[in-house]
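Read the figures in this text as sums done on the coordinates, not as results from a lab. Because the structure is a prediction, the values reported are computed rather than measured. Cβ placement follows ideal geometry from the backbone for every residue including glycine, while neighbour counts extend to all protein chains displayed.
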Amino acid sequence: MGLRARVTVTFGLGALALSASMAALTYLTARQFILHQRETSVLGQAYVNASLVRSTLPGTSADKIPQLLDSLDTEGSSHSVVQSDGRWYAAFASSFFTENQIPAELRTLVQTGTPAQQHYQLNGHPELVVGIPVKGENIYYFEAFSLDEQARTLQILALVLSGAALVTTLAGATIGRWASGRLLRPLGDVSQAAETIAGGQLDTRLTATDDADLAPLADSFNRMADALQERIRREARFSSDVSHELRSPLTTLSTSLGVLQAHATDLSPRGRQALDLLAAELRRFQRMVGDLLEMSRVDTGSTDLSLDEVEVGELARQMVTAGGARGIRLTVDPAVSDLRLWVDKRRIDRVLTNLVDNAGQYAGGATGLSVEAGDPPGSRVRLIVSDRGPGVAPEERQQIFERFYRGQAAGQRGATEGTGLGLALVAEHVRLHGGTVWVEDGPDGENRFVIDLPAHRDGETDMPTSTRRP
Amino acid sequence: MSGRILLVEDDEGIRVSLRLALEDEGYDVDEAGSGEQALERFAEQAADVVLIDIMLPGIDGFETCRQLRRVSAVPVVMVTARTDTHDVVAGLEAGADDYVTKPFVAKELSARIRALLRRVRSVDQPSVLTFGRVEVRPDEGTVRRDSAEVHCTRTEFRLLCELAANPGKVLSRELLLDRVWGYDYFGDGRLVDVHIRRLRTKIEPDPANPRHILTVRGMGYKLAV
């Protein structure tokens, strides 16, 4: 059970125990008080009636005794019987009430000369029967009083008290839930902030609080986030700085090399050979620094998408005429040709350049660029670069998009030309566009590098903000 | 191809190697190691193209370009350290016509310099293009607004001519890049966007709410007469 549920149940049970015992105590006290009052008044009346019987009975003829007894019932809810000289008389009005309705033990007790009273049930109603032996005469007076009214009062009281206990219990549970919610809210904030940080938004912090109990938590959390961000920034900065520092010497190197190449005819064949080697390595070095810089920009998040809305068919045409897939055969599915994309063209250009380079290095060159429907067809579209194969082994299909991954193809011709970052950059750029990239087998054993991007019909959407880096 | 190029670069290695490469291509090259020195040099002898590195001791490349712009419409190429929007746009807004990013290849740079130098309009065009209260004379290279001359850089002028020659027609960024910058350069709409912004501040009555040079979202720009 969760903390919140536990607190709620504890509060509820506490409230229940407290309110139930309060209710029970109240009920018992009230019951005792009410019954005591009734007994006092009943006894008073019984004695008055008994003395009335004592004074009037001796002169009353036997057939008048029921009327006499009738007149004694002043509140309409008591029944009297009297035994005089061994004979029983009952009131007219309540002729069903005879000596037989009086508990035998009470009767016997009274007949031995002891006044007594007893609670009992008469036809399912609570009654208090009082028996009074009249001194000196052979007269025993019995009167049964109804306790219905008191029972009803107590019933209502019990109902009200249970209701109150129930309400109190619910209120307790509610307060428990609310209080635990309040207590746990800072924890929720913390977990949400941690989640956001994990999602890449490193500058997320908890808002400072005045609460002395919570401030240390927020403080230490924020300090941790600061340290984490600083560390990540330092690491990302390092590779960025290294690449930056390499730029100027690289520019000098490549420019000087260009001058040398322009004067290559002045060199001996051996010198020219060395120069060619130098040129090839320098090109690769330059590409690597460029890729590292691009990667560090993605990592530090200092990268901005500059998005344009274009038709996918038009984008592909630009790519094969002037962009990264220059000169490659283009096939466009006419059904999706007019779908629109929000893209940073320079990045898509980089993606295609890298895929085409990759095809050139490992798979005999790119053979085609095609535009196909994605899934669902109206809102995803695919740009696919095919090559001559051989296909990528299934277990490597994920890994080739990792940085500096050197797989089975590492020994192949051309593998040394790569920077090890090309496909990783492809994956990053595609991800920034809200897309995915993977490689699959074509029908003739070739590779199909599939770039799957979100698309829309004309006028359907505004510029997405979600494709910006979080 | 001949012409005079002023190289503003504090890294001696880059400066010397660039001078060698550009001289090989037939240019006369002047060198300056700082912005201040470059402005002095330029005052002594104007150049046909100026190449400015952003990172300079003293006044930086942006400021050098701005000060240069006050005295001349000479084509300027910025050398930026990063392709990030910030540096590129700041360079273009300081008045640069184009940019290259380090590390660059000398061939790439000379291609751009050639394109800048070649940009002399040769296609038949009417001698006067007018829209609103703006008057463009392609053959004279002048722009007048309310009869007062507006000073434009050559690139701005070329861009304006393209727009004014096709009133009401939407011109895509690619088309403008191709016609105005004139070399094979893929997809950097920022060059066009910043130049359009600069043009608007010069010829629009209210640059924030342009009436002549309109943006057609997702397509390009058009000139409304």
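Tell me, what is a quarter of the convex hull surface for the C-alpha atoms of region A:3-153, in nm² with one decimal?
11.0 nm²
Could you list, bin by bin from short to long, the percent of Cα-Cα pairs of region A:313-386 in 5 Å steps?
Taking all Cα pairs of region A:313-386, the binned fractions are 4, 17, 28, 25, 17, 7, 2 percent.
Dividing the alpha-carbon Rg of region A:415-458 by 2.2 N^0.38 Å yields what?
1.43
Please determine, in degrees from 0 to 90 and to the nearest 10, the orientation of helix A:269-300 with respect to the longest principal axis defined by the Cα atoms of chain A, where the helix direction is its Cα long axis.
Roughly 20 degrees between the two axes.
Rounded to the nearest 5, what % of the DSSP beta bridges within chain B are antiparallel ones?
Beta bridges within chain B, antiparallel portion: roughly 45 percent.
Find out how many positive minus negative residues lie around B:R200, taking Lys and Arg as positive, Asp and Glu as negative, among other residues whose Cβ is under 14 Å from that of B:R200.
Every neighbour counted, the sum reads +1.
Using +1 at the Cβ of each Lys and Arg and -1 at the Cβ of each Asp and Glu in chain A, identify which of A:L183, A:F96, A:G389 lies farthest towards the dipole's positive end.
Farthest towards the positive pole: A:G389.
Can you tell me what share of the DSSP beta bridges in the protein assembly as shown is antiparallel? A percent to the nearest 5 is fine.
So the antiparallel bridges in the protein assembly as shown amount to around 75 percent.
Which order results if B:S17, A:S71 are arranged by neighbouring Cβ count within 10 Å, fewest first?
Working: B:S17 22, A:S71 14.
Ranked by crowding around the Cβ, least crowded first: A:S71, B:S17.
Most exposed first by the Cβ proxy, i.e. fewest other Cβ within 10 Å, how do A:S306, A:S162 rank?
So the residues, fewest neighbours to most, are A:S162, A:S306.
For region A:308-454, state the average projected area of the convex hull of the C-alpha atoms over all orientations, rounded to one decimal in nm².
Hull-based average projected area comes out at 7.9 nm².
If we count every other residue with Cβ under 11 angstrom of A:S337's Cβ, Lys/Arg +1 and Asp/Glu -1, where does the sum land? Could you put the intermediate results ahead of the total?
Working: positive: A:R317, A:R340; negative: A:E311, A:E314, A:D333, A:D338, A:E372.
Value of the local net charge: -3.
Report the far tail of the P(r) of the protein assembly as shown, meaning the percent of Cα-Cα pairs longer than 49 Å.
Pairs farther apart than 49 Å: 46 percent.
Quick one: which residues, 5+ away or cross-chain, put their amide H under 5 Å from the amide H of A:D344? H built at 1.01 Å from N.
The answer is A:D308.
Direction-averaged shadow area of the convex hull around the Cα atoms of region B:1-116, nm²?
On the way: hull surface 24.4 nm².
Dividing the Cα hull surface by four gives the mean projection, 6.1 nm².
In a solvent-free Debye calculation with one equal scatterer on each Cα, what is log10 I(q)/I(0) for region A:122-195 at q = 0.18 Å⁻¹, listed in the order of the q values?
-0.87
Hey, any idea what Rg/Rh is for chain B, computing Rh the Kirkwood way over Cα pairs?
That ratio is 0.97, to two decimals.
Can you compute the charge dipole magnitude of chain A about its Cα centre, using +1 on each Lys and Arg Cβ and -1 on each Asp and Glu Cβ, nothing else charged? Give it in debye, rounded to the nearest 20.
Values: 46 positive and 57 negative charges, 220 e Å.
Roughly 1060 debye for chain A.
To the nearest 10 degrees, how steep is helix B:61-71 against the longest Cα principal axis of chain B, on a 0 to 90 scale?
60 degrees
Measure nothing but the geometry: give the 0 to 90° angle between the long axis through the Cα atoms of B:189-203 and the longest principal axis through the Cα atoms of chain B, rounded to 10°.
60 degrees
Quick check on the exposure proxy: order A:D210, A:D444, A:D308 from fewest to most C-beta atoms within 10 angstrom.
A:D210, A:D444, A:D308
Taking each residue in B:96-104, count the Cβ atoms of any other chain within 10 Å of its Cβ, then average. What number comes out?
Averaged over the peptide's residues, the number is 4.
Please say if region A:1-92 is rounded, prolate or oblate, where rounded means a/c under 1.5 for a ≥ b ≥ c the square roots of the C-alpha gyration tensor eigenvalues, and otherwise the choice is prolate for a/b larger than b/c and oblate otherwise?
Prolate, since a/c reaches 1.5 and a/b exceeds b/c.
Take every Cα-Cα pair in region A:215-300 and report what % of them are more than 16 Å apart.
65 percent
Which entries in the list A:K345/B:K102; B:K102/B:K222; A:K345/B:K169; B:K107/B:K169 go over 31 Å, if you measure between the two C-alpha atoms of each?
B:K102/B:K222; B:K107/B:K169
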